[in-house]
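Trainee: I'd like to ask you about the structure that follows.
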Amino acid sequence: MRVLAFLLLCGSVVVQAADQALLSAAKAAQPAVVETLKGMVAIESGSTNLAGLARMADYLERRLKAAGAQTERIKVTRGPGASMVKATFTGSGRKRILMLGHMDTVYLEGILASQPYKLDGNKLYGPGIADDKGGLAVILHSIEILKAAGWRDYAQLTVLINPDEEIGSVGSGELIAKLASEHDVVLSCEPTPAKAVFKQEGLLLGASGTGLVTMEVLGRQSHAGAAPDEGGAMR
């Protein structure tokens, strides 16, 4: 359970004293997590969809304020022109923790007409549900669970959610790097692979970075990670 994995990393003091209580709280939060995902997936927020990104920012800021954060909107420096959401919590400990997520998706406006949200058994489907609205749900609900447990063993807990990760964080990367250098721990709340691919839950300790290239191709469009066999170039 990803919420629990986050709690185990962030709330070590609480976990040592009451790990079973946190496990029970994480399990009890599952219906609420599903509802959160349903609400966020209903907001189309492709990287160039400024109206949708503004709605996502409103939603996230409202939830973070309700959890007790001081929030602000920060305009990106380049790109389509959406804003980041930054939230800050003040605790009673010594460490500074930064949580990162992104509200933009790779999908074009109107995608919900052909790929709507749906629940099928224990699986949820919807545009952006894994990358990265699932990560945003983990952030929101982990904070709520830790708050309910009374965990404040941090000097500052910062949440930064950017609107342009899928296009290389072109207007938010500098701020992300600056904030990361000012914190003791940085958690990027991106999704882990599906259990059909990776059998155990886990936390990655690093990433190799990204590169940008421009290509012009003719062919069938498909997601390179989720369905590479459905796409292909035309000769």
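Trainee: Just to be sure, is Ile74 at pLDDT 95 or above and assigned to a strand (DSSP E or B)?
Mentor: The answer is yes for Ile74.
Trainee: When you look at Arg2, is it touching an Asp or Glu at 6+ places or on another chain (Cβ under 8 Å), open to solvent by 40 Å² or more (accessible area, probe 1.4 Å) and modelled with pLDDT of 90 or more, yes or no?
Mentor: Spelling it out, it is not the case that Arg2 is touching an Asp or Glu at 6+ places or on another chain (Cβ under 8 Å), open to solvent by 40 Å² or more (accessible area, probe 1.4 Å) and modelled with pLDDT of 90 or more.
Trainee: When both residues are 6+ apart or on different chains and their Cβ atoms are under 8 Å apart, which pairs have a first residue that lies in region 179-196 and is at pLDDT 80 or above, and a second that is aromatic (Phe, Trp, Tyr)?
Mentor: Final answer for the pair search is Leu187/Phe6; Cys189/Phe6.
Trainee: Take region 134-174 and flag every residue that is out of contact with any Gly (no Cβ under 9 Å at 6 or more places or on another chain) and open to solvent by less than 20 Å² (accessible area, probe 1.4 Å).
Mentor: Ala137, Leu140, His141, Thr158, listed by residue number.
Trainee: Among what's in region 113-133 and is in contact with a Gly (Cβ under 8 Å, 6 or more places away or on another chain) and farther than 18 Å from Ser83 by Cα, pick the residue that is most open to solvent (accessible area, probe 1.4 Å).
Mentor: Applying the filter and picking the extreme gives Lys118.
Trainee: Take Thr48 and decide whether it is among the hydroxyl-bearing types (Ser, Thr, Tyr), assigned to a strand (DSSP E or B) and touching a residue at least 12 places away in the same chain (Cβ under 8 Å). Steps first, answer last, please.
Mentor: Working: among the hydroxyl-bearing types (Ser, Thr, Tyr): yes; assigned to a strand (DSSP E or B): no; touching a residue at least 12 places away in the same chain (Cβ under 8 Å): yes.
Spelling it out, it is not the case that Thr48 is among the hydroxyl-bearing types (Ser, Thr, Tyr), assigned to a strand (DSSP E or B) and touching a residue at least 12 places away in the same chain (Cβ under 8 Å).
Listed here are the residues, each with its yes/no results for (1) of a type in the set (Lys, Arg); (2) without any contact (Cβ under 8 Å) to a residue 24 or more places away in the chain; (3) open to solvent by 30 Å² or more (accessible area, probe 1.4 Å).
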site: Arg73; (1), (2), (3): yes, yes, yes
site: Arg78; (1), (2), (3): yes, no, yes
site: Val85; (1), (2), (3): no, no, no
site: Leu98; (1), (2), (3): no, no, no
site: His102; (1), (2), (3): no, no, no
site: Thr105; (1), (2), (3): no, no, no
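Trainee: Would you mind stating whether Gly209 is over 19 Å from Leu108 (Cα atoms), surrounded by 10 or more Cβ atoms within 10 Å (Cβ to Cβ) and free of Cβ contacts under 8 Å to residues at least 60 places away in the same chain?
Mentor: no
The values are calculated or read from the model by the stated rules, or taken from the named source; none is laboratory data. The structure presented is a predicted model; accordingly, all values stated were derived computationally and were not measured. Neighbour counts run over all protein chains shown; Cβ positions are idealised from the backbone, glycine included. Just so you know, the surface numbers come from the protein's heavy atoms only, side chains and all, with ligands and any DNA or RNA stripped out. Shrake-Rupley method; radii C 1.70, N 1.55, O 1.52, S 1.80 Å.
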